[in-house]
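**Q** Before I ask anything, here is the structure I am working with.
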Amino acid sequence: MKVSLSVDLGRLRLANPTMLASGVLGYSAAMMQKIAECGAGAVVTKSIGPKPRKGYSNPTVVQTSSGLVNALGLPNPGIDGFIEEIKEAKKLLDVPLVTSVYGYTPEEYTAVAKKAAAAGADALEINVSCSHVKETGSEIGQNPETLQEVVSKVKAAVSRPVFVKLSPNVTDIAVIAEVAVNAGADAITATNTVKAMAIDIETCMPILSNKVGGLSGPAIKPVAVRCVYDIYEKVKVPIIGCGGVAEWQDAVEFILAGASAVQIGTAIATRGLNVFRRIARGIEAYVARKGFESVSDIVGLSHHK
């Protein structure tokens, strides 16, 4: 049986439901092209802000038994220094290019999003969920009023689809998702990292220079799957699952919970760049084995059994 792997995220069509997650190798047009060649259905850039930011000093990443804790500090060249990279990526890529944007005020989010869209980004992913940089990220995503203002202003300023990446570090992520959708979000990405830390027992000190970082990888998958499940019950826009996708079974679990696509990040370090193609093929075989014609047929299926 021929299975269709194509999915729609608002007006954005992907040939398969795998995406490069923001913050992982989305720094250059050449690397994003390589990711696409390895089977990703779309790529998401590193989060780009209004001005250049160096990020935190080392150490910025620590490996745990079940994932990575990172506090990079959103290092990026700023939107004016990234515009040419977006333009070059658009020339090289045959898959959708999503630019992740952040700011410290609604006006800054809007300004960055406008410049990214003008440079050719196919969609914008609003990062309101970084767990380790003050005055941006999760501090905005945890405040319904500020989140509503950010999303509505970005939507009014750009004609591209707008995705909103949410934090799991909230009391009820479905309520936050509903705020974002009511403000105009075309899709929800769930989730970003879980606030975490690691301590060196010999020095008795936190390992990361920022002390606190965000946990990614297999450890957070059950949390992220639950978040997707809850959001699916609350809103009617596409959901992008993110957090601990390393095998096709992980991706299928997210899709059954309600995700139309999945983002992959930490698994690139443990599984290699071909993880996108392997996961897409696994999804395809699963859908065929279950007797469905399209991956879209199993989105949210766990809610209807």
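None of the figures in this text is laboratory data; all of them are computed from the coordinates on show. Note that this is a predicted model, so its numbers are computed, not measured. For neighbour counting, all protein chains shown are included, and Cβ atoms are generated from backbone atoms with ideal geometry for every residue, glycine included.
**Q** What residue among Asp230, Asp172, Asp122 has the largest mean-square fluctuation in a Gaussian network model of the chain, using Cα springs under 10 Å?
**A** Highest fluctuation of the listed residues: Asp172.
**Q** Same structure again: For Phe292 and Arg13 in the same chain, what is the full-extension length gain: residue separation times 0.36 nm, less their Cα-Cα distance, in nm?
**A** 98.5 nm
**Q** Straight-line reach from Lys2: which aspartates and glutamates fall under 19 Å, measuring Cα to Cα and dropping same-chain residues less than 8 apart?
**A** Output for Lys2: Glu284, Glu293, Asp297.
**Q** Moving to a separate point now. Remind me, relative contact order of the chain in percent, using alpha carbon pairs under 8 angstrom and six or more residues apart?
**A** 20 percent.
**Q** So if I place +1 on the C-beta of Lys and Arg and -1 on the C-beta of Asp and Glu, and nothing else carries charge, what would the dipole magnitude of the chain be about its Cα centre? I want it in debye, nearest 20.
**A** 480
**Q** Tally the DSSP beta bridges in the range 113-268 and give the antiparallel ones as a percent, rounded to 5.
**A** Roughly 25 percent of the DSSP beta bridges within the range 113-268 come out antiparallel.
**Q** Among Met205, Met32, Met197, which one shows the biggest mean-square fluctuation in a GNM of the chain, springs joining Cα atoms closer than 10 Å?
**A** Met205
**Q** Still on this structure: Quick one: putting +1 on the C-beta of Lys and Arg, -1 on the C-beta of Asp and Glu, what dipole do you get for the range 187-305 around its Cα centre, in Debye to the nearest 20?
**A** That gives a dipole near 140 debye.
**Q** Consider all pairwise Cα distances in the chain and report the whole-number % of them above 34 Å.
**A** 14
**Q** With a ≥ b ≥ c the root eigenvalues of the C-alpha gyration tensor of the range 1-89, is it rounded (a/c under 1.5), prolate (a/b larger than b/c) or oblate?
**A** oblate
**Q** Further question on the same structure: Could you pull out the pairs from Lys91/Lys155; Lys90/Lys153; Lys91/Lys211; Lys46/Lys236; Lys91/Lys290; Lys90/Lys234 whose alpha carbons sit more than 29 Å apart here?
**A** Correct reply: Lys91/Lys211; Lys91/Lys290; Lys90/Lys234.
**Q** From the square roots a ≥ b ≥ c of the eigenvalues of the alpha-carbon gyration tensor of the range 75-217, which class results: rounded (a/c under 1.5), prolate (a/b over b/c), or oblate?
**A** The shape class here is oblate.
**Q** Sticking with this structure for a sec: For a quick check, take a GNM of the chain with Cα springs below 10 Å and name the residue from Thr146, Thr266, Thr191 with the largest mean-square fluctuation.
**A** Thr146
**Q** Here is a follow-up. With both partners inside the chain, how many of the DSSP beta bridges are antiparallel, as a percent to the nearest 5?
**A** Percentage antiparallel, nearest 5: 35.
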